[in-house]
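Worksheet for the structure shown next.
Where a number appears in this text, it was derived from the coordinates with a stated rule and is not lab data. Only a predicted model underlies this, so the values are computations on that prediction, with no experimental measurement involved. Glycine gets a Cβ as well: all are built from the backbone with ideal geometry, and neighbour counts include every protein chain shown.
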Amino acid sequence: MNISIVGTGYVGLTTGALLAAAGNKVYCIDVDPNKINVVKKGKSHFYEQGLDQFVKKTVDEGSLIPTLSYEKSIPDSEVAIICVGTPSKGDGSVDLSYVYNSTESIARNMKNGTIIVQKSTVPVGTGRRLQKIISRVGKKGSVVSCPEFLAEGSAVFDSLNMDRFVIGSESEPAKQKVIKLFQSLDDYSRTLDLESFDEFATIYNKKLSKFTDIPFEDRIYSMSLESAELVKVSANSFLTTKISFANSIAKICDKVGADINEVMDGIGADHRIGRAFLYAGLGWGGGCFPKDTAGLVYSAEEQGVDFKLLKSVVDVNNAQILYVVRKAKEMLKGELENKIITVLGLSFKPGTSDIRISPSIKLVKNLTYNHAKIRVYDPKAMENTEQELNNDVYFAKDIEDALRGTELAILATEWPEFIEMDFSSLKKFFKTPNLLDARNRWPKEKVKKLGFSYSGIGRS
Ligand SMILES: NC(=O)c1ccc[n+]([C@@H]2O[C@H](COP(=O)([O-])OP(=O)(O)OC[C@H]3O[C@@H](n4cnc5c(N)ncnc54)[C@H](O)[C@@H]3O)[C@@H](O)[C@H]2O)c1
């Protein structure tokens, strides 16, 4: 099928490269010439594990066509998939200007009958507005909501192995066509030649064995436009609720001497609850959770619904950085000023260079505000962060450099290289061997035996 992806970011490029690898002709459109130029060279403009090999192969073969031109791509496409950003405005509402502008550009260039797939996460009711834009431009076409559930850090795996495919529209033929398109991706994943994608194969070796056996048709959830739009924001809000719940229980653990990891293992073993996302730490961030929760609170209010539960989830999260800063202060005998502190990890989660609303960056800013001397290191997000943080922060070359002379090391993003670091050989770099495990992934008993002072979140 010939398709256009509008917005060549995390979602757009991943979806575009994989749909192209699956045998479709895919135009990836963006308004940013820098991004398009990088993709034209067969590379991703951000770090996502395993993605580069798919981008290279499909650009080289000509099945993925990066472009700035709606005029050249949209008329040749049966389906246009919107993957532009939907950032939060100051009042919590969602800035839909990118979605509206791109819809207008698609509508002006499309042939009648083109299907517009809305993959960006939007407030409920947006799809109806897109239908009005298409009519205003004088064109005929269907709007389909097809929310994206990939997670950065495992985007390739998630896109090849969708646990569910949610689709909402008034038009049954449009739904069937979009289902056929994504069925091609699922079929492709079954025949994936791992030797050509060894980067993906190596990283996902463990997960690959868990590729679902459930046929694609049994993973399709077909529904109304409004229901599909609401599924996405509700799902993200529910995940943030789990994290804020774990962070609240962790505070009780700290008071009574329980270990949050043990408590959550016990809770998560209940199949009605599940273990995923029940992790205490620095709190949630990233390009999606903060704006999607704020957006749902705002939409609910517009409908006269006071979403007290979700407001509390957000409040708990906003307070979490301060909780961690207080712990850092306690470990440094009540003083942060002029203390040398190492922050390990800057991206909002491991496996990505994305630092949007990263809890780690918030932590660094708070510590520098308190006049601590900060040394930072991240395997993939240093370049992005240099633009975000000022010169008060020392950007280390590697873990050893980051720990040199430190009085406290904080695990802020749980990259495997930080979790598995060799504590006994690295101890000599510490001025005082203090570890603050803000992701609860360091081996508490082991590091204590090695002579470190250890504190976690709910692991006192
Ligand atoms: N990143 C994720 O993990 C993820 C997961 C699920 C859903 N989503 C949702 O998907 C959407 C996209 O997210 P993202 O992280 O890929 O964003 P992103 O910022 O990485 O990419 C968006 C791209 O759209 C481009 N763009 C803006 N206006 C445009 C226009 N008029 N025409 C063409 N391109 C335009 C931007 O230049 C940018 O490259 C958001 O609504 C997000 O909430 C993201």
Inset, instruction - Take every DSSP beta bridge whose two residues both sit in segment 69-196, then give the antiparallel share in percent to the nearest 5. - result: 20
Inset, instruction - Anything over 27 Å Cα to Cα? Flag those among Lys35/Lys175; Lys119/Lys349; Lys255/Lys373, in the order listed. - result: Lys35/Lys175; Lys255/Lys373
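Sorted by packing (mean other beta-carbon atoms within 10 Å per residue), highest first, where do 338-351, 299-312 land? Each step should come with its number before you reach the end.
Numbers: 338-351: 24.5, 299-312: 13.6.
Ranking, from highest mean packing down: 338-351, 299-312.
Take the alpha carbon atoms of segment 207-356, find their radius of gyration, then divide it by 2.2 N^0.38 Å using N residues; give the quotient.
On the way: Rg = 18.7 Å, N = 150, 2.2 N^0.38 = 14.8 Å.
Compactness ratio reported: 1.27.
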Legend entry - For the chain: relative contact order, % (alpha-carbon pairs under 8 angstrom, 6 or more apart): 13
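Can you give the relative contact order of segment 34-139 as a percent, counting alpha carbon pairs under 8 Å and 6+ residues apart?
23
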Inset, instruction - For segment 331-379, restrict the atom set to alpha-carbon positions and state the Rg and Dmax in Å. - result: 11.6, 34
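Once you charge only the Cβ atoms, +1 for Lys and Arg and -1 for Asp and Glu, what is the size of the charge dipole of the chain about its Cα centre, to the nearest 20 debye? Could the numbers behind the result be given before it?
On the way: 60 positive and 58 negative charges, 140 e Å.
Computed charge dipole of the chain: roughly 680 debye.
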Legend entry - For segment 74-167: Kirkwood Rh in Å [reciprocal of mean 1/r, alpha carbons]: 14.2
Legend entry - Relative intensity, log₁₀ I(q)/I(0), of segment 262-341 from a Debye sum that treats every alpha carbon as a point, q = 0.12, 0.21 Å⁻¹: -0.56, -1.03
Inset, instruction - Please tell me the relative contact order of segment 239-456 in percent, rounded to the nearest whole number, where contacts are Cα pairs under 8 Å and at least six residues apart. - result: 18
Legend entry - Debye log10 I(q)/I(0) for segment 1-107, one point scatterer per Cα, at q = 0.09, 0.14, 0.24 Å⁻¹: -0.21, -0.50, -1.28
Inset, instruction - Using the charge dipole of the chain (Lys, Arg: +1 at Cβ; Asp, Glu: -1 at Cβ; taken about the Cα centre), state which of Ala372, Val117, Pro433 has its Cα farthest towards the positive end. - result: Ala372
Inset, instruction - Write down, largest first, the equivalent ellipsoid semi-axes of segment 2-223 in whole Å, where each equals the square root of 5 times an eigenvalue of the alpha-carbon gyration tensor. - result: 27, 20, 17
Inset, instruction - Could you grab the Rg to Rh ratio for segment 56-123? Cα atoms only, Kirkwood for Rh. - result: 1.05
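Peptides 225-238, 244-257: what's the order by average Cβ count within 10 Å, highest mean first?
On the way: 225-238: 19.6, 244-257: 17.7.
For the peptides 225-238, 244-257, the packing ranking is 225-238, 244-257.
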Legend entry - Most positive-pole-ward Cα, Ala22, Val38, Gly62, against dipole of segment 1-74 from beta carbon charges: Gly62
Inset, instruction - Two decimals is fine: what's Rg over Rh for segment 239-456, C-alpha atoms, Kirkwood radius as Rh? - result: 0.98
Legend entry - Listed residue (Thr240, Leu322, Gly304) projecting farthest to the positive dipole end of segment 239-456, Cβ model: Leu322
Inset, instruction - Only bridges with both residues in segment 239-456 count here: give the DSSP antiparallel percent, nearest 5. - result: 0
Legend entry - Using a Förster distance of 22 Å, the FRET efficiency for Glu420-Lys56 (Cβ separation, nearest 0.05): 0.15
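Quick one: in segment 167-296, what % of C-alpha pairs are over 17 Å apart?
Details: 6136 of 8385 pairs.
Cα-Cα pairs of segment 167-296 separated by over 17 Å account for 73 percent.
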Inset, instruction - Provide the descending list of Cα extents for the chain along its principal axes, expressed in whole angstroms. - result: 69, 51, 44
Inset, instruction - Count the DSSP beta bridges whose two residues both fall in the chain, then state the antiparallel fraction as a percent rounded to the nearest 5. - result: 5
